[in-house]
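Taking it in order: structure first as structure tokens, then the write-up.
The values are calculated or read from the model by the stated rules, or taken from the named source; none is laboratory data. Bear in mind that the values here come from a model prediction, so they are computed numbers and not experimental data. Note that each Cβ is placed from the backbone with ideal geometry, even for glycine, and that neighbours are counted across all protein chains shown. Heavy atoms of the whole protein, side chains included, go into the accessibility calculation; ligands, DNA and RNA do not. Shrake-Rupley method; radii C 1.70, N 1.55, O 1.52, S 1.80 Å.
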Protein chains: 4
Amino acid sequence: MSGPADRSAPTPLVLTGNSRLVIIDVQDRLLAAIDGAEQVVARCELLARAAHRLGIPLAATDQNPAGIGPTTARLATLVPLRFSKVHFAASNQGDFLAWAAGGGTVLLCGTEAHICVLQTALGLTGLGLKVAVVVDAIGSRHPSDKAAALDRLRHHRVELVTAEMVVFEWLERYDRPEFKELLRLVK
Amino acid sequence: MSGPADRSAPTPLVLTGNSRLVIIDVQDRLLAAIDGAEQVVARCELLARAAHRLGIPLAATDQNPAGIGPTTARLATLVPLRFSKVHFAASNQGDFLAWAAGGGTVLLCGTEAHICVLQTALGLTGLGLKVAVVVDAIGSRHPSDKAAALDRLRHHRVELVTAEMVVFEWLERYDRPEFKELLRLVK
Amino acid sequence: MSGPADRSAPTPLVLTGNSRLVIIDVQDRLLAAIDGAEQVVARCELLARAAHRLGIPLAATDQNPAGIGPTTARLATLVPLRFSKVHFAASNQGDFLAWAAGGGTVLLCGTEAHICVLQTALGLTGLGLKVAVVVDAIGSRHPSDKAAALDRLRHHRVELVTAEMVVFEWLERYDRPEFKELLRLVK
Amino acid sequence: MSGPADRSAPTPLVLTGNSRLVIIDVQDRLLAAIDGAEQVVARCELLARAAHRLGIPLAATDQNPAGIGPTTARLATLVPLRFSKVHFAASNQGDFLAWAAGGGTVLLCGTEAHICVLQTALGLTGLGLKVAVVVDAIGSRHPSDKAAALDRLRHHRVELVTAEMVVFEWLERYDRPEFKELLRLVK
């Protein structure tokens with residue numbers, strides 16, 4: 001390729017394979033009350049499957065699993081690495097933080113958008129990590145709480161993306177062997 | 001805890017116990033005309049009760065109380081410290097300002113969103129204080145005025161939060177003695 | 001007054017009497033096609049009357065008045081100072097610009113939000129003037145064009161206000177002789 | 001003209017004739033699934049015709065044309081310069097990038113808003129080019145994806161404009177020979 005791109009090494013604004021995926025607190029007893037829970041789980045699953053196919057590291061968190069159970073089965077089988085937590089912000093848990101700080105953009109999805117997802121995003125951002133939140137893969141009990149969470153994430157300059165954006169940015173081009181398989185997952 | 005958080009002392013982006021709460025002009029004669037007044041009062045009450053439980057300082061303002069009466073009784077009993085005011089911006093009243101500048105983020109709720117809440121938020125921000133406005137605990141007569149107030153607060157980089165965000169950020173973790181009591185208040 | 005306000009002279013974020021008001025192209029032949037024209041004219045009239053009462057300078061512009069007629073009569077009587085223009089951006093007209101640059105925040109209202117109001121706001125902003133646009137006193141033929149204009153004004157950090165915000169910020173406090181008269185105009 | 005504009009040479013915030021127009025992937029097999037496809041094509045056509053009339057350079061891209069066909073006929077006749085692409089981001093194609101970096105603001109329209117338009121806008125922005133996206137001339141299969149794309153473009157400070165804004169900013173004033181002809185196209 002010729003042109004300006006050859007002359008410098010700008011930071012790409014699109015997402016790259018140098019990402020890691022975190023599914024926050026998608027636990028059955030919480031899910032039952034979440035607005036749009038079915039879409040949240042489906043989008044988390046799409047991201048987890050694409051991450052597997054493309055070799056992107058992924059993990060999940062469980063809030064108080066002794067009290068309210070683990071990550072829902074449909075996702076748990078896809079995400080062997082799990083962190084149990086006491087703080088609403090996973091970024092306050094040392095074991096999670098050591099993993100999350102291991103490199104690349106941290107992509108967050110899960111529940112609740114305005115509590116644990118928000119606090120984790122702000123915690124990681126405050127520590128200087130690059131964070132993106134997948135807006136169609138997060139949920140709260142009330143839609144207005146999710147909207148307020150997105151507003152506050154924007155305020156703190158956290159990047160907001162969709163699951164489809166993520167998959168197509170990880171892919172970059174249509175002539176890759178994984179393209180058709182992931183396109184089927186998206187649709 | 002180990003990890004990056006140990007290596008530096010970043011400013012937390014989530015709210016902390018180092019906050020103070022101000023209820024602006026929630027007076028019966030104004031309330032009668034406010035869109036969503038019942039929710040505004042309920043959310044102010046939730047915040048006042050949580051502030052009491054967690055030892056957060058709180059105060060209220062009364063616009064022209066001789067003319068239009070004091071803070072509504074439901075809140076007045078929870079907020080002994082009150083400032084009477086002549087300016088729409090409480091930040092122009094020296095006694096209020098001395099208290100508000102006493103430390104921590106100033107959390108604002110009350111009415112009207114686009115007049116006294118907005119002017120107070122901009123006044124305090126212009127003086128260099130950190131301000132957050134609780135979006136589900138403020139109101140105006142017309143919803144479009146509240147929306148315009150939020151838009152202008154964003155323009156001036158004032159943080160916008162919800163009452164539930166505030167309570168869960170003050171709490172930080174689920175294994176505290178106050179958690180269950182405050183969870184009941186939230187629901 | 002005592003407190004932090006005494007120790008420095010911060011730039012106020014609220015509007016002050018150091019403002020000037022510009023009504024852009026509110027001409028009958030354009031108005032007929034404007035969405036919400038009645039509100040646009042009513043809000044422009046409120047602002048013009050408040051400006052008169054408080055001694056705020058004001059002017060209006062007429063796009064191609066030979067072709068499409070002058071500012072509508074209801075406003076024309078309140079605004080003796082008028083600038084005829086050929087450019088969509090009034091800021092490209094030397095006589096207007098000399099007046100607009102005479103001091104204080106330039107408050108814009110009128111039509112069309114996404115053409116002449118937008119271009120004038122961007123032109124003045126690009127020249128370093130402080131500009132605010134009154135969102136409930138501007139209009140376009142299609143609501144989506146007005147929304148896109150507001151979005152673009154935000155992008156360029158132009159302040160967005162409402163007519164009521166302006167009046168209460170000009171007034172500052174309720175114990176002024178003009179308060180009751182202007183309160184009647186607002187309602 | 002006299003006044004402040006004479007004293008400096010500020011960067012204009014309105015668009016100027018120093019622009020170039022890019023129509024991204026408006027191909028029939030993609031269009032069939034796009035929400036609001038008819039408006040997208042009509043607005044792209046308006047921009048292409050105005051660009052021709054005013055001497056603005058323009059080009060189009062075709063994603064995998066061997067697989068899904070070329071730019072739709074209605075636009076293809078107006079845009080002889082076309083770039084075939086393999087990457088979702090046209091900015092990753094050297095031939096396109098050399099042309100796009102040839103000067104002025106790069107105006108983007110076409111489909112899908114949240115994949116190829118978004119990635120191209122972010123790619124060009126990351127390389128330091130000035131980019132504007134025409135919001136009423138882009139589309140995705142789902143409206144929520146387009147909305148998320150606009151949100152992310154705002155995050156990265158990409159300018160969002162409408163087709164009508166573009167035409168009136170290119171024109172600058174009503175007393176030009178092209179004004180009436182372009183006004184007819186707009187309406």
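Exactly one residue out of C:Ile34, C:Ile115 is buried (at least 18 other Cβ atoms within 10 Å of the Cβ), away from every other protein chain (no Cβ under 12 Å) and within 25 Å of D:Arg173 (Cα to Cα): that is C:Ile34. For B:Phe96, the conditions (1) open to solvent by less than 10 Å² (accessible area, probe 1.4 Å); (2) in a helix (DSSP H, G or I); (3) under 22 Å from B:Val161 (Cα atoms) all hold with the exception of (3).
For segment A:52-62, the set of residues classified as of a type outside the set (S, T, N, Q) and open to solvent by less than 20 Å² (accessible area, probe 1.4 Å) consists of A:Ile56, A:Ala59, A:Ala60, A:Asp62, listed by residue number. Residues in segment A:91-119 that are more than 11 Å from the chain's Cα centre (by Cα) and closer than 19 Å to A:Lys146 by Cα: A:Glu112, A:Ala113, A:His114, A:Ile115, A:Cys116, A:Leu118, A:Gln119.
Summed over segment D:118-128, residues that are surrounded by fewer than 23 Cβ atoms within 10 Å (Cβ to Cβ) and in contact with a strand residue (DSSP E or B) (Cβ under 6 Å, 6 or more places away or on another chain) total 1.
For B:Glu181, state whether it is more than 9 Å from chain A (Cβ to nearest Cβ), over 30 Å from C:Leu150 (Cα atoms) and in contact with a helix residue (DSSP H, G or I) (Cβ under 8 Å, 6 or more places away or on another chain). Yes; evaluated as a whole, the condition is true for this residue. In segment B:161-170, of all residues being more than 7 Å from every other protein chain (Cβ to nearest Cβ) and out of contact with any Cys (no Cβ under 9 Å at 6 or more places or on another chain), the one that is surrounded by the most Cβ atoms within 10 Å (Cβ to Cβ) corresponds to B:Val166. Restricting to segment D:63-77, name every residue that is open to solvent by less than 20 Å² (accessible area, probe 1.4 Å) and closer than 16 Å to D:Ala48 by Cα. If the condition is that a residue be open to solvent by less than 20 Å² (accessible area, probe 1.4 Å) and closer than 16 Å to D:Ala48 by Cα, then D:Thr71, D:Thr72, D:Leu75 are the ones that fit. Residue pairs whose Cβ atoms lie under 8 Å apart, sitting 6 or more positions apart in sequence or on different chains, and linking a residue in segment B:150-164 that is within 13 Å of B:Leu122 (Cα to Cα) to a partner that is at pLDDT below 95, are B:His156/C:Leu13. The selection criterion, being open to solvent by 40 Å² or more (accessible area, probe 1.4 Å), within 19 Å of C:Leu185 (Cα to Cα) and assigned to a helix (DSSP H, G or I), does not hold for C:Arg29.
Yes/no per residue for (1) out of contact with any Gly (no Cβ under 6 Å at 6 or more places or on another chain); (2) under 27 Å from D:Ser144 (Cα atoms):
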site	(1), (2)
D:Val40	no, yes
D:Cys44	yes, yes
D:Arg49	yes, no
D:Ile56	yes, no
D:Asp62	yes, yes
D:Thr72	yes, yes
D:Leu75	yes, yes
D:Phe88	yes, yes
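Only residues that are within 25 Å of C:Gln63 (Cβ to Cβ) and either of a type outside the set (A, V, I, L, M, F, W, C) or open to solvent by 30 Å² or more (accessible area, probe 1.4 Å) (or both) were counted in segment D:131-160, giving 2. Residues considered: C:Asp136, C:Asp175. Of these, the only one that is among the acidic types (Asp, Glu) and over 12 Å from the mean Cα position of the chain (by Cα) is C:Asp175. Taking the criterion of being away from every other protein chain (no Cβ under 14 Å) and open to solvent by 10 Å² or more (accessible area, probe 1.4 Å), the only residue of segment C:99-112 that qualifies is C:Gly104. All of (1) in a helix (DSSP H, G or I); (2) within 24 Å of A:Thr162 (Cβ to Cβ) hold for A:Ala66 with one exception: (2). You will find that of C:Gly36, C:Gly55, C:Gly67, the residue that is at pLDDT below 95 and out of contact with any Cys (no Cβ under 9 Å at 6 or more places or on another chain) is C:Gly67 and no other. Among the residues of segment A:143-160, the ones that are part of a loop (DSSP other than H, G, I, E, B) and either more than 9 Å from chain B (Cβ to nearest Cβ) or closer than 22 Å to A:Leu46 by Cβ (or both) come to 2 in all. With the structure loaded, tell me whether A:Thr111 is of a type in the set (S, T, N, Q) and in contact with a Gly (Cβ under 9 Å, 6 or more places away or on another chain) or whether it fails that test. Spelling it out, A:Thr111 is indeed of a type in the set (S, T, N, Q) and in contact with a Gly (Cβ under 9 Å, 6 or more places away or on another chain).
Based on what the data block shows, is D:Arg173 open to solvent by 10 Å² or more (accessible area, probe 1.4 Å), touching a residue at least 12 places away in the same chain (Cβ under 8 Å) and not hydroxyl-bearing (Ser, Thr, Tyr)? Considered against the rule, which asks whether it is open to solvent by 10 Å² or more (accessible area, probe 1.4 Å), touching a residue at least 12 places away in the same chain (Cβ under 8 Å) and not hydroxyl-bearing (Ser, Thr, Tyr), D:Arg173 comes out as no. Being within 12 Å of another protein chain (Cβ to nearest Cβ), in a strand (DSSP E or B) and among the charged types (D, E, K, R), is that true of even one residue in segment D:78-88? Yes: segment D:78-88 contains one or more residues that are within 12 Å of another protein chain (Cβ to nearest Cβ), in a strand (DSSP E or B) and among the charged types (D, E, K, R).
Against the numbered list (1) outside any strand (DSSP E or B); (2) at the interface with another protein chain (Cβ under 7 Å from one of its Cβ atoms), D:Val135 comes up short only at (1). Pairs linking a residue in segment C:58-69 that is over 20 Å from C:Ser91 (Cα atoms) to a residue that is outside any strand (DSSP E or B), with Cβ atoms under 6 Å and 6 or more positions apart or on different chains, are C:Ile68/C:Arg29; C:Gly69/C:Asp28; C:Gly69/C:Arg29. For A:Gly110, are the conditions met, namely being of a type in the set (Gly, Ala, Ser) and not in a loop (DSSP other than H, G, I, E, B)? In short, yes. Is it fair to say C:Ser91 is farther than 30 Å from B:Gln119 by Cβ and free of Cβ contacts under 8 Å to residues at least 60 places away in the same chain? In short, no.
Residue by residue, here is whether (1) closer than 30 Å to A:Lys187 by Cα; (2) in contact with an Asp or Glu (Cβ under 9 Å, 6 or more places away or on another chain); (3) of a type in the set (Val, Ile, Thr) holds:
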| site | (1), (2), (3) |
| --- | --- |
| A:Gly104 | yes, no, no |
| A:Leu108 | yes, no, no |
| A:Val133 | yes, yes, yes |
| A:Ser140 | yes, yes, no |
| A:Arg154 | yes, yes, no |
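Residue count for segment C:148-187, restricted to those that are among the small types (Gly, Ala, Ser) and touching a His at 6+ places or on another chain (Cβ under 9 Å): 2.
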